Amino acid sequence: MVRHLIVSLCLAGLALIFAALVLGYAPDAALNRTALWYAENVAKDVGSQNVVTAIVVTWRGLDTLGEVTVLFLTAAIVGLILAPGHRPVDAPANDLPPTGELLQTGSRLLVPLILLAGVYVFVNGHLTPGGGFQGGAILASAALLLLLADPRHRFAHRTIETVEAVSGIAYVLLGLAGLAFAGGFLDNRFLPLGRFGDLASAGAIPVIYTLIGLKVGAEFASMLASLSEREGP
Amino acid sequence: MVTIALVAGFALILAGLYGALTNRNILRMIVSFTVADTGVNVVLVTVGWMPGRTAPILDAAVPVAEAAQRIIDPLPQALVLTAIVIGLGVTALMLAYAWRLFGATGSLDISKFTELKW
């Protein structure tokens with residue numbers, strides 16, 4: 001009880017600081033210099049309609065490569081931590097009743113549609129809100145649906161690993177292609193920028209975001225698979 | 001508008017911290033951390049909002065020539081995109097460690113783990 005009181009007091013102090021921040025906050029009336037530079041140069045430099053995508057994939061592309069690396073490490077560590085005690089594939093699950101017809105048919109209907117939605121989101125990442133991370137998360141939600149509908153579902157680990165490895169290597173190779181044929185690492189202009197607003201525009205951004213989407217989807221799916229396949233402690 | 005979003009974000013941060021500090025169950029602590037994480041993201045996105053402007057997407061509604069006058073700051077959004085992904089990675093790691101702790105001791109009560117206590 002004393003502990004709750006101390007915690008509440010500390011958080012009340014923090015709330016006072018937050019209240020001062022909220023009361024003193026006024027939104028900017030004009031873009032700051034960095035944002036202004038991005039807004040003025042996005043069309044001619046990167047050719048991507050979505051400014052956030054231009055920042056994430058091109059201007060701050062190295063950070064995104066680091067981010068994908070962090071996700072890869074997370075997936076690898078989750079797999080490593082949960083690997084011992086792997087149940088054999090054909091071992092009986094702990095008395096789970098068989099999945100019903102409704103769930104099986106429903107998930108079989110929904111999974112292709114969810115995959116299509118995910119692919120749409122990351123292929124259009126330079127034109128509409130969305131991108132590789134969002135699309136990859138949608139792809140992985142199809143894997144989650146399969147696991148929820150049938151907890152005994154087993155994924156083809158080899159396929160997931162192959163997709164992840166190939167898209168990761170291709171991502172780095174595209175970055176190196178930017179270094180060789182354009183202005184720098186992960187520069188998207190070694191492919192033609194195309195007409196502003198077309199699906200096949202913005203140089204390498206759609207390709208890179210597709211690779212990121214596949215990689216993120218594969219990583220999330222492998223995390224879900226690792227977590228679900230450890231059924232006993 | 002902006003005040004509502006800021007207050008909601010800060011309230012989520014406080015609620016998450018309170019949950020993480022007062023709960024003894026590791027799973028509840030993980031959920032609390034994700035709530036606080038969401039609050040930080042809400043605050044960051046709100047700071048990039050500007051009155052009377054639209055999303056940083058230069059489609060038919062926002063001609064390229066007027067972009068500087070019509071869009072909000074895209075940088076906080078790019079930052080939050082990264083923060084969400086990293087937050088998910090951290091949550092996945094916490095869940096995996098929680099699983100291992102449960103496997104080692106059969107308990108998810110944080111006060112049972114006293115090896116690092118002084």
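The values are calculated or read from the model by the stated rules, or taken from the named source; none is laboratory data. Everything numeric in this text was worked out from a predicted model, so none of it was measured. Here the Cβ is made from the backbone with ideal geometry for all residues, glycine too, and neighbour counts use every protein chain on show.
The residue pairs whose first member lies in region A:16-32 and is over 18 Å from B:M50 (Cβ atoms) and without any contact (Cβ under 8 Å) to a residue 60 or more places away in the chain, whose second member is in a helix (DSSP H, G or I) and of a type outside the set (S, T, Y), and whose beta carbons are closer than 6 Å, counting only pairs six or more residues apart or on different chains, are A:F18/B:F10.
Being out of contact with any Asp or Glu (no Cβ under 9 Å at 6 or more places or on another chain), in a helix (DSSP H, G or I) and of a type in the set (A, V, I, L, M) narrows it down to one residue among B:V90, B:V80, B:V62; which is it? Reasoning before the result, please.
Details: B:V90 fails: out of contact with any Asp or Glu (no Cβ under 9 Å at 6 or more places or on another chain); B:V62 fails: in a helix (DSSP H, G or I).
Going through B:V90, B:V80, B:V62 in turn, just one is out of contact with any Asp or Glu (no Cβ under 9 Å at 6 or more places or on another chain), in a helix (DSSP H, G or I) and of a type in the set (A, V, I, L, M): B:V80.
Scanning region A:202-233 for residues that are part of a loop (DSSP other than H, G, I, E, B) and within 12 Å of chain B (Cβ to nearest Cβ) returns A:A202, A:R230, A:E231, A:G232, A:P233. Selection within region A:76-85: residues that are more than 8 Å from chain B (Cβ to nearest Cβ) and part of a helix (DSSP H, G or I). The member of this set that is farthest from A:N188 (Cα to Cα) is A:L80. Per the conditions (1) closer than 20 Å to A:L80 by Cα; (2) surrounded by fewer than 19 Cβ atoms within 10 Å (Cβ to Cβ); (3) in contact with a Gly (Cβ under 9 Å, 6 or more places away or on another chain), the sole criterion not satisfied by A:G217 is (2).
State yes or no: is B:T46 under 25 Å from A:Q134 (Cα atoms), among the β-branched types (V, I, T), more than 11 Å from chain A (Cβ to nearest Cβ) and assigned to a helix (DSSP H, G or I)?
Considered against the rule, which asks whether it is under 25 Å from A:Q134 (Cα atoms), among the β-branched types (V, I, T), more than 11 Å from chain A (Cβ to nearest Cβ) and assigned to a helix (DSSP H, G or I), B:T46 comes out as no.
Residue pairs whose Cβ atoms lie under 6 Å apart, sitting 6 or more positions apart in sequence or on different chains, and linking a residue in region B:93-112 that is more than 10 Å from every other protein chain (Cβ to nearest Cβ) to a partner that is exposed (fewer than 13 other Cβ atoms within 10 Å of the Cβ) and assigned to a loop (DSSP other than H, G, I, E, B), are B:D109/B:R24; B:I110/B:R24; B:S111/B:R24. For region A:36-48, the tally of residues that are modelled with pLDDT under 85 and crowded, with 17+ Cβ neighbours inside 10 Å stands at 7. Residues in region A:37-51 that are more than 7 Å from every other protein chain (Cβ to nearest Cβ) and in contact with a Phe, Trp or Tyr (Cβ under 7 Å, 6 or more places away or on another chain): A:G47 only.
When you check A:D63 against the structure, is it acidic (D, E) and modelled with pLDDT under 85, yes or no?
Working: acidic (D, E): yes; modelled with pLDDT under 85: no.
So A:D63 fails the test.
Candidates in region A:192-233 are the residues that are aromatic (F, W, Y) and under 11 Å from the mean Cα position of the chain (by Cα); of these, the one that is nearest to A:Q49 (Cα to Cα) is A:Y209. Taking region A:53-66 as the range and being in a helix (DSSP H, G or I) and without any contact (Cβ under 8 Å) to a residue 24 or more places away in the chain as the test, the residues that pass are A:I55, A:W59, A:D63, A:G66. For region A:135-160, the candidate set comprises residues that are hydrophobic (A, V, I, L, M, F, W, C) and assigned to a loop (DSSP other than H, G, I, E, B); within that set, the residue that is surrounded by the most Cβ atoms within 10 Å (Cβ to Cβ) is A:F155.
Collect the residues in region B:1-30 that are of a type in the set (A, V, I, L, M, F, W, C) and surrounded by 17 or more Cβ atoms within 10 Å (Cβ to Cβ), keeping them in residue-number order. So that I can check it myself, show each step before the final result.
Our first condition is that a residue be of a type in the set (A, V, I, L, M, F, W, C); within region B:1-30, this holds for B:1-2, B:4-8, B:10-15, B:17, B:20-21, B:26-27, B:29-30.
Matches in region B:1-30: B:L6, B:F10, B:L12, B:I13, B:L14, B:L17, B:A20, B:I26, B:M29, B:I30.
Would you check which residues across region B:1-43 are of a type outside the set (A, V, I, L, M, F, W, C) and more than 11 Å from chain A (Cβ to nearest Cβ) and list them?
B:N25, B:R28, B:S32, B:T34, B:D37, B:T38, B:N41
Here A:A170 clears all of (1) closer than 22 Å to A:L110 by Cα; (2) not in a loop (DSSP other than H, G, I, E, B) except the condition numbered (1).
May I ask you to list the residues in region A:1-31 that are within 30 Å of A:G203 (Cβ to Cβ) and facing chain B (nearest Cβ under 7 Å)?
First, pick out the residues of region A:1-31 that are within 30 Å of A:G203 (Cβ to Cβ): A:30-31.
A:L31, the sole residue that qualifies.
Taking B:L6, is it closer than 24 Å to B:L93 by Cβ and of a type in the set (A, V, I, L, M)? In short, no. On the basis of being touching a Gly at 6+ places or on another chain (Cβ under 6 Å), crowded, with 18+ Cβ neighbours inside 10 Å and either at pLDDT 85 or above or assigned to a helix (DSSP H, G or I) (or both), does A:V121 make the cut? Yes.
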